[in-house]
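The values are calculated or read from the model by the stated rules, or taken from the named source; none is laboratory data. Not measured: the values here are computed from a predicted model. Glycine gets a Cβ as well: all are built from the backbone with ideal geometry, and neighbour counts include every protein chain shown. Ligands, DNA and RNA are excluded from the accessible area calculation, which covers all protein heavy atoms including side chains. Shrake-Rupley method; radii C 1.70, N 1.55, O 1.52, S 1.80 Å.
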Amino acid sequence: MDNYLEIYEHWYPRSYGLDDYPTECHVTYSGTERKALFETLTEKQQELVNQQRKYQVRSMFLQKQYLETSDWEFVALNIDDEYERGIRSQLKCACGRPLKYQFVIESKIKHQEIRLGIQHFKDHLGISQQVAEEIKKGVAHVDLALDELLWLTENGYHFPEDLWQRYVFSYYRNTTLRRPLPLNQKLAERILHFRQADMPIFIGDYLSVLTEINQVDREVFDRKEKKFLADKQVFEAYLDDFQRDIQSPIYYERQFWGHKLTDFIQLKRYGTESYEEAKQRYFDDLLSFLLGLKEPKKAQRKIHSFELFHQKKYGNAELIPFIIDKYQNYQFTENFFLAIPKVYRVGIKKAIKRKRK
């Protein structure tokens, strides 16, 4: 059985075919309906929706560059979901006026933070009425986008656990490709946040996950990739670790998928040393360090010293702690090698072979 999709189906016959999930949503709720549906969510789900709202507004400010020419930068949008005009409000403008939406901005020079409603936000920054209206519409549009999540929840949809497992399986398969694809860490991390809140995901994100899964499948079959570790126990350990690993800095900016050692570190050569010789020296030193961690009493001091040495000589403060953590959990087993970047997997394996000669 060399087809890895057949292997997955054999392992998980009940979840191989994904459950139905909507591919579009055109609902728009009134303010009253939106508030009522929001109140049916769990505390974690409400927190997630508010985080998404703030994230999308922040992204809008960055993309539109509303404050690019000013001395201020956008920090956050605070929202009072209990707001009732003239009756109840927890947020206020700097002038004292009660608010539903409070814009938080900070001076780039004085690092002073102020909190304003849209009118004083406009006046304080000297932006035009047209831009102020555009910002108001943008904030309203964010609420409309979040209606999709409320609609999915109202209609009984939950986090698509079957899709998540298939998604992590595509990461697992991708790590063993001759040239792994640079998958989107930000998408995976966003999906993970929805999983932690047991919240259905945006339809667009669902389709984006399917696209990434299909990209890996296509790469496997187009390039006739045969190498695959068909070990269910190893995959399930990888699955358990994934939700922590995908949030580690080593995955940011897709660094994890680098193709050469210098994508990760600054590698200096000495004298007439070639790049290959320098690379061998680096991995031989790294192997010696990892093997030296077998004595628990001395390990912590060695780790601290090596991390400082590596940071000073090679840079990349996040990489070595990640590799050390994986080694301490798995030693030189398959889960160690699958968890680390392919450049390091290959380099350490070659160093082990040299040591055995």
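Stick to Cα atoms and the Kirkwood definition of Rh, then tell me Rg/Rh for segment 52-185. Walk me through the intermediate numbers first.
Details: Rg = 20.0 Å, Rh = 17.9 Å.
Here Rg/Rh amounts to 1.12.
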Cα-based Rg and Dmax for the chain, in Å, come out at 25.2, 81
Here the averaged projected area of segment 205-357, based on the convex hull of its alpha-carbon atoms and given in nm², is 11.5 nm²
If every Lys and Arg gets +1 and every Asp and Glu gets -1 at its Cβ, then about the Cα centre segment 144-277 yields a dipole, in debye to the nearest 20, of 660 debye
Expressed in nanometres to one decimal, the distance between label points 7 Å along Cα→Cβ at residue 140 and residue 78 is 2.5 nm
By the mean-Cβ-within-10 Å protection proxy, highest first, 303-310, 52-59 rank as 52-59, 303-310
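Would you mind getting the accessible area per residue of the chain, heavy atoms of the protein chains only, 1.4 Å probe, in Å²? Walk me through the numbers on the way to the answer.
Values: 19960 Å² over 357 residues.
Computed with neighbouring chains in place, this is 56 Å² per residue.
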Ranked output for segments 341-347, 240-246, 272-278 by mean other Cβ atoms within 10 Å, highest leading, reads 341-347, 240-246, 272-278
The simple spin-label model distance between residue 346 and residue 291, using points 7 Å out along Cα→Cβ, in nm, is 2.3 nm
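How do the peptides 119-129, 282-292 rank, highest first, by the average count of neighbouring beta carbon atoms within 10 Å per residue? Don't jump to the answer; show the numbers that get you there.
Details: 119-129: 14.6, 282-292: 17.0.
So the peptides 119-129, 282-292, ranked by packing, come out 282-292, 119-129.
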Env charge @ residue 197, Cβ radius under 11 Å, K,R +1 / D,E -1, value -1
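What percent does the relative contact order of the chain come to when contacts are Cα pairs within less than 8 Å and at least six residues apart? Spell out each step's value before the answer.
Numbers: 335 pairs, mean separation 50.8, N = 357.
Here the relative contact order equals 14 percent.
What's the carbon and sulfur percent of the chain's accessible surface, probe 1.4 angstrom, rounded to a whole number? Please report the intermediate quantities before stating the final value.
Values: 9610 of 19960 Å².
Using a 1.4 Å probe with all protein chains present, the chain comes out at 48 percent carbon and sulfur.
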Using alpha carbon centers only, segment 127-189 is separated from segment 255-278 by a whole-angstrom value of 36 Å
Relative contact order in percent for segment 54-170 (Cα pairs under 8 Å, 6+ apart) equals 18 percent
Once phi for every residue in segment 149-155 is put through the Karplus expression 6.51 cos²θ - 1.76 cosθ + 1.60 (θ = phi - 60°), the whole-Hz ³J(HN,Hα) values, with Gly and Pro written as x, are 5, 5, 5, 4, 5, 4, 8
In degrees, nearest 10, the alpha-carbon axis of helix 161-175 is tilted away from the dominant principal axis of the alpha carbons of the chain by 40 degrees
Averaged over all viewing directions, the convex hull of the alpha carbons in segment 282-357 casts a projected area in nm² of 4.8 nm²
In deg cm²/dmol, rounded to the nearest 500, the helical mean residue ellipticity at 222 nm of the chain, built from -39500 (n - 2.57) for every DSSP H run of length 4 or more, is -18500 deg cm²/dmol
Here the Kirkwood hydrodynamic radius of segment 236-325, Cα-based and in Å, equals 14.7 Å
Across all Cα atoms of segment 183-253, Rg and the largest Cα-Cα distance (Dmax), in Å, are 13.9, 39
If unit charges are put on Cβ atoms (+1 for Lys and Arg, -1 for Asp and Glu) and the dipole of segment 96-158 is taken about its Cα centre, the option from 144, 124, 157 lying farthest towards the positive end turns out to be 124
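Compute the signed sum of charges (Lys and Arg +1, Asp and Glu -1) over the other residues within less than 10 Å, Cβ to Cβ, of residue 175.
Working: positive: 173, 342, 345; negative: none.
For residues surrounding residue 175, the net value is +3.
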Computed for the chain: size of charge dipole around the Cα centre, +1 on C-beta of each Lys and Arg, -1 on C-beta of each Asp and Glu, debye to nearest 20, value 2280 debye
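Using a cut-off of 12 Å between beta-carbons, work out the net charge of the residues near residue 120 (Lys and Arg +1, Asp and Glu -1, residue 120 not included).
On the way: positive: 92, 97, 115, 122; negative: 123.
Net of charged neighbours comes to +3.
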